[in-house]
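Everything below concerns the one structure shown next.
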Amino acid sequence: MKKAFFVNGGAGRVLCAIPPLEWYQQNVDTDVVIVSEGWTDLFLTSSVRRNAYDVNHKRLFQDKLRDKEIITLEPYRLNAYFNQKCNLIQAFDMLINDNTEEIPDTKSFNLEISRHDQAFGYNLVKQVKQQSGKDKIVVFQPLGSGAKREGEFIIDDSGRSFEVKDIVSIVQELSKHAGVIMMTNVQIPVQQTMGAAIPEANILQWMGIIKMCDYFLGCDSMGQHYAHALGKPATVVIGST
């Protein structure tokens, strides 16, 4: 029986599932069904996009799932992963390609960023370079996806986000040496000018921005996975995660 894979979790999990899903599509089943329970747009950067469906896709069960073996991918429950013997891409690979005994080589990313998103990143980085007078650009993502502003505070129950005072001091120091683009959709509760560009961008435009930057600094969230996938040098500060 052919398989349908359900992918859930954050942006990092979705991205890390893509390389082994690409291999499965190329080598096992060209019509494999992939159901995304979140971050569906990330599949647009991969050749599996023609087989990827949002969980709310019309007639998904009737047209795509009725005759499939449905598999929910949960790498965090894989022994090799929680014992730190494999990374997240390898864990997905072991589950998708039905080999939980041997740890495979890490399959590489082959992200296909649209010309529109690449142009968005190029133009923004060029603008920040001109405005800052710096020839290097750092993208700084200080907050995890669950962070929210409550008055003068940033609250992140996951513990992964930077403290406000550290965000301010880091931007001040970085901006002495490089143009800074802050990756956040949460307003930082400060009175002074941050000294960083804070663009409004969607998740695929951020991929274009990071592709065009020189360095990434951030917490354990979406940006670090983009930086890794795009081969950008990075510093990632891991909190409680």
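The values are calculated or read from the model by the stated rules, or taken from the named source; none is laboratory data. It should be emphasised that the depicted structure is a prediction, and the values quoted were computed from it without experimental measurement. Every residue, glycine among them, receives a Cβ derived from its backbone with ideal geometry; neighbour counts consider all protein chains shown. Note: areas computed on protein heavy atoms with side chains; ligands, DNA, RNA excluded. Shrake-Rupley method; radii C 1.70, N 1.55, O 1.52, S 1.80 Å.
Within region 169-217, the set of residues being open to solvent by less than 20 Å² (accessible area, probe 1.4 Å) and more than 24 Å from the chain's Cα centre (by Cα) comprises just one member, P189.
Just one of the listed residues (L65, L60, L73) is of a type outside the set (D, E), under 19 Å from M1 (Cα atoms), within 18 Å of the chain's Cα centre (by Cα) and open to solvent by less than 80 Å² (accessible area, probe 1.4 Å), and it is L73.
Evaluate the following for V48: is it surrounded by 18 or more Cβ atoms within 10 Å (Cβ to Cβ), more than 28 Å from S158 (Cβ to Cβ) and in contact with an Asp or Glu (Cβ under 7 Å, 6 or more places away or on another chain)? Against the criterion (surrounded by 18 or more Cβ atoms within 10 Å (Cβ to Cβ), more than 28 Å from S158 (Cβ to Cβ) and in contact with an Asp or Glu (Cβ under 7 Å, 6 or more places away or on another chain)), V48 qualifies.
One residue stands out in region 42-82 among those that are of a type in the set (F, W, Y) and touching a strand residue (DSSP E or B) at 6+ places or on another chain (Cβ under 9 Å): the one that is farthest from L204 (Cα to Cα), namely Y53. Sub-7 Å Cβ pairs linking a first residue in region 1-23 that is under 15 Å from Y76 (Cβ atoms) to a second residue that is of a type in the set (D, E) and in a loop (DSSP other than H, G, I, E, B), at least 6 apart or interchain, are F6/E37; V7/E37; N8/E37, ordered by first then second residue. Being among the polar types (S, T, N, Q), under 20 Å from D214 (Cα atoms) and open to solvent by less than 50 Å² (accessible area, probe 1.4 Å): is that true of S161 here? Against the criterion (among the polar types (S, T, N, Q), under 20 Å from D214 (Cα atoms) and open to solvent by less than 50 Å² (accessible area, probe 1.4 Å)), S161 does not qualify. Taking region 58-150 as the region of interest, the helices (runs of 4 or more DSSP H) fully inside it that hold 3 or more residues being of a type outside the set (S, T, N, Q) and touching a residue at least 40 places away in the same chain (Cβ under 8 Å) are 88-96, 115-132.
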